[in-house]
Structures are given as structure tokens and as C-alpha cells.
1. Ignoring ligands, DNA and RNA, please state the percent of accessible area on the chain from carbon and sulfur, probe 1.4 Å.
2. Between E79 and R92, what is the label-point separation in nm under the 7 Å Cα-to-beta-carbon projection?
3. Would you work out the relative contact order for the chain, in percent, from Cα pairs under 8 angstrom that are 6 or more residues apart?
4. Taking the Cα centre of the range 9-99 as origin, sum charge times position over the Cβ atoms of Lys and Arg (+1) and Asp and Glu (-1), and report the length of that vector in debye to the nearest 20.
5. Using the heavy atoms of the protein chains and a 1.4 angstrom probe, tell me the accessible area per residue for the chain in square angstrom.
6. Convex hull over the alpha-carbon atoms of the chain: what's its volume per residue in Å³?
7. Going 7 Å from the Cα of D2 in the Cα-to-Cβ direction, what parts of the range 24-46 have a backbone nitrogen less than 13 Å from that spot?
Amino acid sequence: LDGCRQISDVGLEAVAKLRALNLLTLAGCLRITDHGVAALSALHCLNHLDISACSSITDAGLDSLSALPLTYLDVTYCERVSEVAVGHIRARNPSLHVRQLDAR
């Protein structure tokens with residue numbers, strides 16, 4: 001769904017029903033918020049998530065992903081996601097590789 005500007009939180013609720021999904025790229029999906037990201041917490045097989053340039057996602061959205069078995073997370077240009085939130089999700093999942101670049 002990379003760059004799909006029409007996908008919203010409602011669309012992510014539908015995606016979250018794909019329980020065996022293990023890789024999801026949502027880069028540049030600007031209509032996604034913390035609510036939509038929270039729906040992804042139902043994807044217990046998800047290990048690769050790219051939410052880069054999703055400017056409406058905050059620390060709360062990232063926190064909702066902490067129970068997932070993620071091994072890769074891209075939060076590049078997620079300007080509302082703090083270093084503290086990234087540190088918390090890393091602490092809960094030491095094998096997680098996080099890509100985080102910021103334009104600030």
C-alpha cells in the first residue's frame with residue numbers, strides 16, 4: 001500500500017483482518033492515524049512494518065505496536081514519533097531494527 005494516499009484508518013481495520021500478514025508497507029499514507037495503527041496490533045505475524053512519512057502517527061500509535069513480533073520498523077520522517085517512543089519499543093523487542101531519519 002506504499003504511497004496509497006486514499007487509505008485511511010478504516011482501510012487499515014480491514015487490513016488487520018488479514019491475520020497471517022507478515023509484511024506491510026504504508027510509506028507516505030498520509031491519512032493514517034494512531035487509530036489505524038492500533039488496529040494493526042491484531043496482526044500477530046507482522047514482522048516488517050514501514051510507516052515512513054506517515055505524518056499523523058504519534059508516540060501513542062507506535063506504543064500500540066509494542067506487542068507485535070516486529071523485526072523491522074521504518075519510522076523515517078514520522079515527525080510526531082519521538083526518540084523516547086522508539087526507545088520504548090526497542091526495549092520491549094531487542095531484536096527490532098528501527099530505521100529512523102528525521103528532517104527536523
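The values are calculated or read from the model by the stated rules, or taken from the named source; none is laboratory data. Please read all numbers here as calculations on a predicted model, not as lab measurements. Cβ: placed from backbone, ideal geometry, glycine included. Neighbour counts: every protein chain shown. Accessible surface is based on the protein model in full, side chains and every heavy atom, while ligands, DNA and RNA are left aside. Shrake-Rupley method; radii C 1.70, N 1.55, O 1.52, S 1.80 Å.
1. So the carbon and sulfur contribution to the accessible surface is 55 percent.
2. Using points 7 Å along Cα→Cβ, the separation is 2.6 nm.
3. Answer for the chain is 23 percent.
4. In total the dipole reaches around 240 debye.
5. Accessible area per residue: 51 Å².
6. 75
7. Correct set: 24-29.
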